[in-house]
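Presented below is the structure to which this report refers.
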């Protein structure tokens, strides 16, 4: 059930030939310039007491970034290891490029692909308080924007806005096994408003924290 760390290892493999792989050697690498999520075709059995999950292949790893050079490096590496053993006895079978969605609306309904982790003042948040969710999203967003602007990609004249939570009733509380422990998460649908640049950043790089660890990938349901 604590499966994400295996796929973190796989993403490091996919980034081996990229300049961005240098961050893995730093003591404080900061924020990942990408987000990914792992999905299973079918979960056959789930045993929380034994902490075991039996799944049916295939396994789907969806990777997102707003950096075209980084995506190119990942795709080229994926092509080079296609058909070879990777992790957990799995082979990389197929590679699909998804549509490049450009957000032009100031209000978007998103679906979380898997789970997202939102850190509040007193720990990880669930789905109950819209105000706390909104504050956490904006805190994470501003911190990440500052890091990217300094270390990853200067934004120059790009203007970002705070995010407003319009609808969060589609969220449910989750609990994820991660690195030997459990963390509270949210999953489901959420509608957010803000400048299209801010919403695009969340779409490209993920919502919340631990986006480089398999949390926070967003799918656009509808641009309102």
Among (1) assigned by TED's automatic domain parsing to the domain that holds residue 29; (2) loosely packed, with under 13 Cβ neighbours inside 10 Å; (3) assigned to a loop (DSSP other than H, G, I, E, B), where does residue 76 come up short?
-> (3)
Mind counting the residues in the range 93-122 that are out of contact with any strand residue (DSSP E or B) (no Cβ under 9 Å at 6 or more places or on another chain) and either assigned to a strand (DSSP E or B) or under 23 Å from residue 14 (Cα atoms) (or both)?
-> 6
Mind listing whichever residues of the range 25-39 are surrounded by 14 or more Cβ atoms within 10 Å (Cβ to Cβ) and more than 14 Å from residue 74 (Cβ to Cβ)?
-> 30, 31, 37, 38
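A quick yes/no check of all residues on (1) touching a residue at least 60 places away in the same chain (Cβ under 8 Å); (2) out of contact with any helix residue (DSSP H, G or I) (no Cβ under 9 Å at 6 or more places or on another chain); (3) in a strand (DSSP E or B); (4) buried (at least 18 other Cβ atoms within 10 Å of the Cβ):
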{"residue": "137", "(1), (2), (3), (4)": "yes, no, no, yes"}
{"residue": "165", "(1), (2), (3), (4)": "no, no, yes, yes"}
{"residue": "176", "(1), (2), (3), (4)": "yes, no, yes, yes"}
{"residue": "202", "(1), (2), (3), (4)": "yes, no, no, yes"}
{"residue": "216", "(1), (2), (3), (4)": "yes, no, no, yes"}
Report yes if residue 20 is under 23 Å from residue 115 (Cα atoms) and either at pLDDT below 80 or under 19 Å from the mean Cα position of the chain (by Cα) (or both), otherwise no.
-> no
With criteria (1) without any contact (Cβ under 8 Å) to a residue 60 or more places away in the chain; (2) closer than 15 Å to residue 215 by Cα, residue 170 comes up short on (2)
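Can you pull out the residues in the range 6-18 that are in a helix (DSSP H, G or I) and touching a residue at least 40 places away in the same chain (Cβ under 8 Å)? Walk me through how you get there before you give the answer.
Restricting attention to the range 6-18, the residues satisfying the condition of being in a helix (DSSP H, G or I) are 6-14.
Within the range 6-18, 6, 7, 8, 9, 10, 11, 13, 14 qualify.
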Complete set of residues in the range 185-195 that are surrounded by 18 or more Cβ atoms within 10 Å (Cβ to Cβ) and more than 13 Å from residue 133 (Cα to Cα) = 193, 194
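The values are calculated or read from the model by the stated rules, or taken from the named source; none is laboratory data. Worth saying up front: this structure is predicted, and the values here are computed from it rather than measured. FYI the Cβ positions are ideal-geometry reconstructions off the backbone, even for glycines, and counts take in every protein chain you see.
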